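Structure first, commentary second.
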Amino acid sequence: MVAKNKQQRVSAYGLVTDADRILLCRISPVLPRWVGQWTLPGGGVDFGEHPEDALVREVEEETGLYVSAGAIETVDSIFDQSGDEPFHGIRLIYRAQQVGGHLRDEADGTTDRACWWRRNELATLALVDIAQAGVGIAFAG
């Protein structure tokens, strides 16, 4: 029996809100399993990179907005054995505040659209689990 390779990934995501809106990104065809679904802006932490720096970098890459990292709202852990390799994802969701930039879509990346959504518009969107968690935190209460 050949042992499967194991993959572990640490990611940082931004919970970027203003009044009754939340910033989300649509997943591109680069990730066919989730294409067309909406996620929080963010992504993988590079080797040696501080998670807060990864958050700032990823949000800018995916949305064109500059943010400052706030408090970690939650740490999420997922385990998936459905693919060729077992996958363990550790996902940090940070509060983040826009401090500059202009909203734009990512070109040739894992997302293809960045958009502000009002709370009452979210029911019509297909959200991946990390976005569902973020929406729940953003609009708790």
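Results, tabulated for the structure shown:
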item: Unique match (being assigned to a helix (DSSP H, G or I) and either farther than 18 Å from residue 26 by Cβ or polar (S, T, N, Q) (or both)) among 89, 136; result: 136
item: Scope region 95-140; condition within 25 Å of residue 77 (Cβ to Cβ) and among the small types (Gly, Ala, Ser); matching residues; result: 96, 109, 126, 131, 133, 134, 136, 138, 140
item: Test: residue in region 113-133 that is β-branched (Val, Ile, Thr), closer than 13 Å to residue 23 by Cβ, modelled with pLDDT of 95 or more and surrounded by 14 or more Cβ atoms within 10 Å (Cβ to Cβ); result: no
item: Selection count where residues are free of Cβ contacts under 8 Å to residues at least 60 places away in the same chain and surrounded by 10 or more Cβ atoms within 10 Å (Cβ to Cβ), scope region 82-102; result: 4
item: Residue 36 touching a strand residue (DSSP E or B) at 6+ places or on another chain (Cβ under 7 Å), in a loop (DSSP other than H, G, I, E, B), modelled with pLDDT of 95 or more and under 23 Å from residue 126 (Cβ atoms); result: yes
item: Matching residues, region 116-135, being over 11 Å from the mean Cα position of the chain (by Cα) and among the small types (Gly, Ala, Ser); result: 123, 126
item: Residue within region 118-131 that is part of a strand (DSSP E or B) and either touching a Ser or Thr at 6+ places or on another chain (Cβ under 6 Å) or among the aromatic types (Phe, Trp, Tyr) (or both) present; result: no
item: Qualifying positions in region 111-128 - in contact with an Asp or Glu (Cβ under 8 Å, 6 or more places away or on another chain) and either charged (D, E, K, R) or at positive phi (or both); result: 112, 113, 118, 119
item: Any chance residue 67 is modelled with pLDDT of 95 or more, in a helix (DSSP H, G or I), more than 10 Å from the chain's Cα centre (by Cα) and surrounded by 14 or more Cβ atoms within 10 Å (Cβ to Cβ); result: no
item: Qualifying residue in region 13-21 (condition: hydrophobic (A, V, I, L, M, F, W, C), part of a strand (DSSP E or B) and under 22 Å from residue 135 (Cβ atoms)); result: yes
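Let's see how each residue does on (1) touching a Phe, Trp or Tyr at 6+ places or on another chain (Cβ under 8 Å); (2) of a type outside the set (Ser, Thr, Tyr); (3) within 19 Å of residue 117 (Cβ to Cβ):
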site: 16; (1), (2), (3): no, yes, yes
site: 23; (1), (2), (3): yes, yes, yes
site: 52; (1), (2), (3): yes, yes, no
site: 57; (1), (2), (3): no, yes, no
site: 60; (1), (2), (3): yes, yes, no
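The values are calculated or read from the model by the stated rules, or taken from the named source; none is laboratory data. What you are looking at is a predicted structure, and each value in this text was computed from that prediction instead of being measured. Positions of Cβ are backbone-derived with ideal geometry, glycine not excepted, and every protein chain shown enters the neighbour counts.
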